[in-house]
Amino acid sequence: MANSLMNTGISGLNAAQNMLNVISNNISNAHTTGYNRQQQILTQANGTHHHFGFVGNGVSVTAVNRAFNQFVVGQLRQSQSQNGSIKSYYNELSKVDNLLAENENSISSQINNLFSSLNKLTSNAGDASTKQSVISNLTSLVGQFNKTENNLKNQIANINTELTNNVAQVNTYLEQIAELNQKISKLQAVSGGNEPNALLDQRDQLVNELSEIIGITVTEQNGQYNLSLANGLSLVQGSSVNLLSVQPSQQDPAINTIVYTHNSGATQELTSQNIASGRLNGLLTFRDGPLSQARNQLGLIALNLAERFNEVHMSGVDINGHAGEKMFDYRQPSSITNAKNQGNATAKINFDSVTEVKASDYKIEFNGTDWVVTRLSDHQTITPQIEDGKLMFDGLSIEITGNAVKGDSFLIKPVADIASSLALLVTDVNKLATGINDEENGAGDNRNVSKLLDIQNEKLINGTTTLSSAYSTLVNYIGSETQTAKISAQSSQNITQQIDEQNQSISGVNIEEEYISMQVYMQYYQANAKVIDAATTLFDTILGLAK
């Protein structure tokens, strides 16, 4: 009887000691990132049968589990991933917004300054100082176009670097998660299925941090995590890993792309559709959306300004009666051959009608019979007109020579580099073509200045918008997108915080609650110690009777 009482007391003592260890561990890790509060599971030990019934044999410690809700954690990961996407998108977009914002050095201000000086020149076309003011304003405007687009191009370079750094971090996480999968599986096997809580916490924290960078789907199989992208591409399968890489795009080597390598060795370039959320999604969505659109819109404005000024200036004469020269120069449209092309075809692009040119890049792909044109700004398929063997669409003329193989393609960039390459050719005040060449002493009059001034109100952009209005539309578009992204980022952050607080209420450590539990189990420990003390007294009494 004393022996049974002793064993019962010892079982309670062990349970109390184990629980105090669990509580102590919880308190110690109260501020450890990724730690989930642990709970000891107690069950009643099997009783011993007597003729009068079963007598209990104390308590058993069956497990030490984590306070972990898979559903809430899944919601948190999804919210963190969406938050990572919109936050990186907003951060990059706000840089463009600040760059284009109206100020005294903006392109809008420089355009206004130019036409203001031309207006003054109409009153005195022969005044050298007023001519110099026009030249100075032209120089400033060109410089602002160059500076603005170069800043946009620098953002592309920065995003290339960000993609490389983030993918390197993703790969590190994938390898660590696969390694933990293997360790957890081995420990569960040798411990009879008991869970190594510390390793589970480490793995879940890595998955949480990974989800902020790239949107993933997490499934559990035999205690191991399998990770995949939204479209089902596997990243981690048990201890096996499919690492990502960053390479120059086969379509446009100026930009980096994220590449997935299949088990067969085949590679696939991932887009913002493949990577549905996370920081990488935000970077890709921004680069392929607002950043590309801003560059093309800026280039379209520069193109129309340059072409119209060249046309009017070359129709006039300078103070010496010489014909006006070309005022602006810029880089011609570019065609980029896809690195996967099997044929030897080449594409040459020219402007057919500048006022019909769109602020967009294009993809032209050979389907075995015809060239299929896709306008990338709205992903619309365009049916080009064929004139003298050339493809004619959206104010462009494309001549393709050589032989193409089905699937060959070109990326056409009509206006993307015009703003950064814009150059002023007329810098001598005496070469400003202010007059019109006729018998009325045109060399000294201001009639061509008036024609240059009229450009301010001409609807040049696609025949519907003035230069200033087109730039204002661009500024308003970026501003509106930035404000929307800001609101979305704030809302997403609030939602993530709410879910995190819900998760903390389940898995987090409350030191006050742990302290109260400690007091309870200290009393529990002391009570069981008294049971053992009583058993010892009984045992000593029995020994005394035997003497």
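The values are calculated or read from the model by the stated rules, or taken from the named source; none is laboratory data. Only a predicted model underlies this, so the values are computations on that prediction, with no experimental measurement involved. Note that we place each Cβ from the backbone using ideal geometry, even for glycine, and neighbour counts take in every protein chain shown. Heads up: the accessible areas ignore ligands, DNA and RNA and are worked out on the full protein's heavy atoms, side chains in. Shrake-Rupley method; radii C 1.70, N 1.55, O 1.52, S 1.80 Å.
Results, tabulated for the structure shown:
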{"item": "Peptides 109-115, 242-248 ordered by average Cβ neighbours within 10 Å, highest first", "result": "109-115, 242-248"}
{"item": "Calculated over segment 326-370: convex hull of Cα atoms, volume per residue (Å³)", "result": "129 Å³"}
{"item": "The chain: angle of helix 511-546 to the longest principal axis, Cα-based, in degrees nearest 10", "result": "20 degrees"}
{"item": "Equivalent ellipsoid dimensions for segment 80-211 as semi-axes, Å, which come from the Cα gyration tensor, largest first", "result": "63, 12, 6"}
{"item": "Electrostatic dipole magnitude of the chain [Cβ: Lys, Arg +1; Asp, Glu -1; Cα centre; debye, to 20]", "result": "1420 debye"}
{"item": "Residue-normalised accessible area of the chain, given per residue in Å² at a 1.4 Å probe", "result": "49 Å²"}
{"item": "Proximal aspartates and glutamates relative to K340, as straight alpha-carbon distance under 17 Å, when same-chain residues fewer than 8 apart are discounted", "result": "D252, E269, E365, D408"}
{"item": "Separation in nanometres of the label points that stand 7 Å from Cα toward Cβ, at I386 and D533", "result": "10.4 nm"}
{"item": "Derived scalar couplings ³J(HN,Hα) [segment 213-220; Karplus, 6.51 cos²θ - 1.76 cosθ + 1.60; whole Hz; x for Gly, Pro]", "result": "8, 9, x, 9, 10, 10, 10, 10"}
{"item": "Other-chain or far-sequence residues with amide H under 5 Å of A45's (modelled H)", "result": "N57, G58, V59, S60"}
{"item": "Neighbour-limited loop hits for trypsin sites (Lys or Arg not before Pro), segment 421-516 (at most 16 other Cβ within 10 Å; DSSP other than H, G, I, E, B)", "result": "K459"}
{"item": "Reach of K530 by Cα under 28 Å, taken over lysines that are not fewer than 8 positions away in the same chain", "result": "K547"}
{"item": "Gain upon complete extension [V372, N69; 0.36 nm per residue less C-alpha separation]", "result": "104.0 nm"}
{"item": "Segments 85-96, 253-264, 15-26 sorted - mean Cβ within 10 Å per residue, highest first", "result": "85-96, 15-26, 253-264"}
{"item": "Cα-derived Rg to Rh of segment 226-366, Kirkwood definition", "result": "1.17"}
{"item": "The chain, accessible surface, carbon-and-sulfur percent (1.4 angstrom probe)", "result": "46 percent"}
{"item": "Pairwise FRET efficiency - H379 versus Q332, Cβ, R0 = 35 Å, nearest 0.05", "result": "0.85"}
{"item": "Mean residue ellipticity (222 nm) of the chain, computed from DSSP H runs ≥ 4 via -39,500 (n - 2.57), nearest 500", "result": "-18000 deg cm²/dmol"}
{"item": "Cα-based radius of gyration of segment 316-431 once divided by 2.2 N^0.38 Å, which approximates compact folds", "result": "1.32"}
{"item": "Reach of K451 by Cα under 29 Å, taken over lysines that are not fewer than 8 positions away in the same chain", "result": "K120, K131, K147, K326, K358, K431, K459"}
{"item": "Charge sum, other residues only, whose C-beta stays under 14 Å from T257's C-beta, Lys/Arg counted +1 and Asp/Glu -1", "result": "-2"}
{"item": "Estimated translational D of segment 394-547 in µm²/s (Stokes, Kirkwood radius over Cα pairs; 25 °C; 0.890 mPa s)", "result": "91 µm²/s"}
